[in-house]
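Note sheet for the following structure.
The values are calculated or read from the model by the stated rules, or taken from the named source; none is laboratory data. Quick caveat: nothing in here was measured; it's all calculated off a predicted structure. Don't worry about glycine lacking a Cβ; one is built from the backbone with ideal geometry, like all the others, and counts go over all protein chains shown.
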Amino acid sequence: MARRKIVAGNWKMNKTPSEAVALAEELKPLVASDDVDVVFCVPAIDIIPVAEAVKGTNIAVGAENMYFEEKGAYTGEISPAMLVDAGVKYVVLGHSERREYFAETNETVNKKVLKAFEHGITPIMCCGESLEQREQGVTMDFIRQQVKVGLQNVTAEQAKTMVIAYEPIWAIGTGKTATTEQAQEVCAGIRACIAEVYDDATAEAIRIQYGGSVNAATAPELFAQADIDGGLVGGAALKPDFGKIVNYK
Ligand code: 13P
């Protein structure tokens, strides 16, 4: 069965609540699609107003992070139940910016992935190599480790429903998109890794996105690749261009 494409915007630390509502309103008509799952992953404080603004549309709301405990004395953190109650369906976990600036590890990402599943939130688990790792020829070893540890104790049934985002760090926010061949090669490698850890059926079902300077010009070729099931989009998700990326065909 063909996998349904999923295009998610990662708004990162952009847009105040009122700006976020204005952007959601602007993008709403542009991202209408019967073929593609559309997600706006927005800052925590924007989740409730954006969820309200997109009610009744094809847009799902996602969070950019989440804590792995149920509740309690974790000042500043946001629990999975809070996200669910606010209307969140997806959560970005293990983004390279969180790994770099907020000490996320494969282990904490794994705890969060498991917790998201417990609460019925679909994880968008990120992985990706640095430029140094690519130049050293260890890209796939590094990513396989990220994926394998991130998925520890995740069942095949759960894995089938989740999303993995391949985001080469050197392509994020740099305007330097990976070539279609580079992106397809790693996404195919991730799928092969899933087949090893689980089985072919799980590998066939799981959706793998490419992220890193995706724009309206590069999306059509990237999304046409056999193992690329859509994109995780940063900068271009804050512009009307996002509508063109969703409707890339
Ligand atoms: P850019 O599209 O701005 O390169 O960001 C990609 C990204 O990090 C999405 O999560």
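Of the residues in segment 124-132, none is closer than 19 Å to residue 231 by Cα and more than 16 Å from the ligand (Cβ to nearest atom).
Listed here are the helices (runs of 4 or more DSSP H) enclosed by segment 173-249 that have at least 2 residues being modelled with pLDDT of 95 or more, surrounded by fewer than 17 Cβ atoms within 10 Å (Cβ to Cβ) and among the aliphatic types (A, V, I, L, M): 180-197. Take segment 153-212 and flag every residue that is within 11 Å of the ligand (Cβ to nearest atom), in contact (Cβ under 8 Å) with a residue 60 or more places away in the chain and of a type outside the set (Gly, Ala, Ser). Hits for segment 153-212 are 167, 169, 172, 209.
Applying the set (1) part of a helix (DSSP H, G or I); (2) closer than 25 Å to residue 5 by Cβ to residue 145 leaves exactly one unmet item: (2). Note on segment 90-118: residues that are away from the ligand (no atom under 16 Å from the Cβ), over 20 Å from residue 60 (Cα atoms) and β-branched (Val, Ile, Thr) amount to 2.
The residues on offer are 36, 21, and the sole one that is over 29 Å from residue 145 (Cα atoms), more than 16 Å from the ligand (Cβ to nearest atom) and either under 18 Å from the mean Cα position of the chain (by Cα) or at pLDDT below 95 (or both) is 36. Here the strands (runs of 3 or more DSSP E) wholly within segment 1-102 that include at least 3 residues being in contact (Cβ under 8 Å) with a residue 60 or more places away in the chain and surrounded by 14 or more Cβ atoms within 10 Å (Cβ to Cβ) are 5-10, 36-42.
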